[in-house]
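Asks: The following block contains the structure, expressed as structure tokens.
The values are calculated or read from the model by the stated rules, or taken from the named source; none is laboratory data. Since this is a predicted model, take the numbers as computed values, not measurements. Cβ placement follows ideal geometry from the backbone for every residue including glycine, while neighbour counts extend to all protein chains displayed. Calculation scope for accessible area: heavy atoms of the full protein, side chains included, ligands and nucleic acids excluded. Shrake-Rupley method; radii C 1.70, N 1.55, O 1.52, S 1.80 Å.
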Amino acid sequence: MKEIKLMNLSLKNFKGIKSLELDAQGGDLKIYGDNATGKTTIADSFSWLLFNKDTQNKSDFSIKTLVDGKEVNNLEHEVSALLTVGDVPLSLRKVYKEKWTKKRGAPMAEFTGHETLYYIDSVPVKKKEYEEKIGSIVKEEVFKLLTNPLYFNEQVKWQDRRTTLLEVCGDVELEDVLEFNSELKDLPAILKGRSIEDHRKVIASKRAEINKELDRIPVRIDELNNSMPDTKIDVSSIKVEIVKVEKEIDATSTQINNIKNGSALTNKKNNLRQIEMDLESIKRELESEATDKGYQVTAKIQEEKSNQAIMQRKLDDTNHQIVVGKKDMVEFDKKLVALREDFATEDAKQFEHKEACECPTCGQALPEEQLTAARDKAVAEFNTNKSSKLEHIQTTGKAIAADKEKTLNRIVESEKVVAQLQEGIAKKEEAINKLNIQLNELRDEVKNARTNPKYTEKVAEMTTAQEEIKSFEANANEAIAEIEKEVAGLKVKRSELNSQIAAHDQVKASEKRVAELEEQQKELATEFEELERQLYLTEQFIRSKVELLESKINSKFKYARFKLFAQQVNGGLQEICETTFEGIPFSSGLNNAARINVGIDIINTLSEHYGIRAPIFVDNAEAVTRIADTDSQLISLVVSEPDKQLRIETQQNEMMEAI
């Protein structure tokens, strides 16, 4: 256990206290004073010395001395303390002062801000080194938890309070809850690896779906019941009636056939059918030959057009080659003309030589033999160059002339091919025209088939046979019409009877569907009951876990009790973290004495958890008749109206005064 003791605390010009020294020597102190005498300032000074904040966790509070509401300038504001960390003494000192700077040429110094000086064991240090030293002893948040009885409950968010308690006491595992409540033995199999929260979401989703379906099923059943007829249908009687009606239909139909099918009438109709068959045969015979030939001619036309198109593409390509060749010929001629001009120009050139008759060095006249040799050399070089250029021009001209000749030959050959292709295309066009004429003739043959005498004679024969049958039937039509009316009525009656049987089948299908829906309703209700059971088990788990968790946490404290869950209107539980004492919430209704003692109780437990004891500053200690026991150093700040100046009482009941 690391124990931090306050041995001495000294203030200078800090929040209105001009000078104050507390000589605690590691023991408990009681500091008495009327309101506004500086009791809270002592606690603020200690917090500022360590963490640059006051006891309300604010870093922007006013440190400087005020007179009539205005800051007093040129004062150094200082807090120093002598601590023991374990058995090791540690001296800390912090000075807050104004910075005045005299600019060049200015008569007086100007205020340019503040600066803070830091000292460890009387040695000046940087701010970072100072903060690292304090951080190595105790973290700021932990120190505040261990030194201020109200900090945990008043300045720490409930989520962080809850996290701290779970850190101190440990959470409750699933196995612990199952062992605590045997009613939950089926829960692991139900969860299938899910968390309680996730499974409750699954249950909620399924319950919503089942509820929707359960709401829809009665509506569907009502619709089916309403669609069924009120009267019962006697299917067997209806089927007997249908058989009777069908027999009557067969009888009347036979009667009609007997009237229609006299022997003479039968022969006439058979003869008419034979004439109609002969007529169709003549038509096919007359049309089939011309049609088959038409197909053959059409295929030949397509073949000739395809060949003609191929020849046309070859003709277009050859004409293009001729055009390109002629363009090349023009270019060859231009090049040959240019070469002839170059040859004439070069061939006309004459040797010109200016002799230097004097030595460029000494200025004496050169010998005649040297002049002759120089001239001969120059003539030879001129002739050689001229001959070489003329030869190159001739060689180039010959090559171009050869290319021109080849191109001309290609043009001639291509023009021959063009003539052949034009002739072939014309022949193909002539053949296609002949085939089209032949095809039109064949089409005319098909059109004129019905004008063929053989066909028209058979049509006339068919017309005569039809007129004979009509005349024969004229007397029987009235009787047949009456019987056909009777048959139509019987068929209507049969349709109505069949409709009644179909309605009966529909009723049976609806009844079957209603039974299926009722069975589905039962299954869904059973499934819903199972979900309700699972939901109940999850709620029992949460309640059991709450009971275990709160019991586990509360066992670590003497006075403080913690409520970690709140019952909601819908029966669910909401996570909270409310400190209570004897059933009274810390945040409402708890008196100051209980609030302080509960805070000290929490500090005692947290001190054991973190392995650190630090001085506890108890503000408004006058509200507590008996402060809870603690092994930490206790500095009580007591409101005492008679004490207009601070009065400090040590454990030995020694007294001292400070201005």
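Asks: When only residues in segment 550-567 that are open to solvent by 70 Å² or more (accessible area, probe 1.4 Å) and touching a Cys at 6+ places or on another chain (Cβ under 9 Å) count, which is nearest to GLU183 (Cα to Cα)?
Replies: If we take residues in segment 550-567 being open to solvent by 70 Å² or more (accessible area, probe 1.4 Å) and touching a Cys at 6+ places or on another chain (Cβ under 9 Å), then LYS552 is nearest to GLU183 (Cα to Cα).
Asks: Consider LYS58 against the criteria (1) within 22 Å of ALA24 (Cβ to Cβ); (2) basic (Lys, Arg); (3) without any contact (Cβ under 8 Å) to a residue 24 or more places away in the chain: it satisfies all of them except one. Which criterion is unmet?
Replies: (1)
Asks: Kindly establish whether VAL202 is among the β-branched types (Val, Ile, Thr), in contact with a helix residue (DSSP H, G or I) (Cβ under 6 Å, 6 or more places away or on another chain) and not in a loop (DSSP other than H, G, I, E, B).
Replies: Taking the combined requirement at face value, the residue does not satisfy it.
Asks: Let me ask something additional. Give the residues of segment 99-127 that are within 30 Å of THR84 (Cβ to Cβ) and more than 60 Å from the chain's Cα centre (by Cα), sorted by residue number.
Replies: Answer for segment 99-127, where residues must be within 30 Å of THR84 (Cβ to Cβ) and more than 60 Å from the chain's Cα centre (by Cα): just SER122.
Asks: If PHE557 meets every condition in (1) closer than 25 Å to GLU154 by Cβ; (2) in a helix (DSSP H, G or I); (3) modelled with pLDDT of 85 or more apart from one, which number is that one?
Replies: Among (1) closer than 25 Å to GLU154 by Cβ; (2) in a helix (DSSP H, G or I); (3) modelled with pLDDT of 85 or more, the lone unmet condition for PHE557 is (2).
Asks: Of all residues in segment 568-611, count the ones that are open to solvent by 20 Å² or more (accessible area, probe 1.4 Å), of a type in the set (A, V, I, L, M) and outside any loop (DSSP other than H, G, I, E, B).
Replies: Total satisfying the criteria: 4.
Asks: Also, quick follow-up: Among the numbered criteria (1) under 22 Å from GLU154 (Cα atoms); (2) in contact with a strand residue (DSSP E or B) (Cβ under 8 Å, 6 or more places away or on another chain); (3) in contact (Cβ under 8 Å) with a residue 60 or more places away in the chain, which one does SER47 miss?
Replies: Of everything listed in (1) under 22 Å from GLU154 (Cα atoms); (2) in contact with a strand residue (DSSP E or B) (Cβ under 8 Å, 6 or more places away or on another chain); (3) in contact (Cβ under 8 Å) with a residue 60 or more places away in the chain, SER47 misses just condition (2).
Asks: Next up: Within the bounds of segment 201-219, is there any residue that is within 29 Å of LEU531 (Cα to Cα), in contact with an Asp or Glu (Cβ under 7 Å, 6 or more places away or on another chain) and in contact (Cβ under 8 Å) with a residue 40 or more places away in the chain?
Replies: yes
Asks: Could you list, in sequence order, the residues of segment 502-512 that are modelled with pLDDT under 80, of a type outside the set (S, T, N, Q) and open to solvent by 60 Å² or more (accessible area, probe 1.4 Å)?
Replies: ASP505, LYS508, GLU511
For (1) exposed (fewer than 11 other Cβ atoms within 10 Å of the Cβ); (2) under 53 Å from the mean Cα position of the chain (by Cα), each residue gets a yes or a no:
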| position | (1), (2) |
| --- | --- |
| THR456 | no, no |
| ALA474 | yes, no |
| LYS491 | no, no |
| GLN500 | no, no |
| VAL514 | no, yes |
| GLU518 | no, yes |
| ILE542 | no, yes |
| LEU548 | no, yes |
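Asks: Could I ask something else about it? Of all residues in segment 179-198, which are open to solvent by less than 60 Å² (accessible area, probe 1.4 Å) and over 39 Å from the mean Cα position of the chain (by Cα)?
Replies: Within segment 179-198, ASN181, LEU184 meet the criteria.
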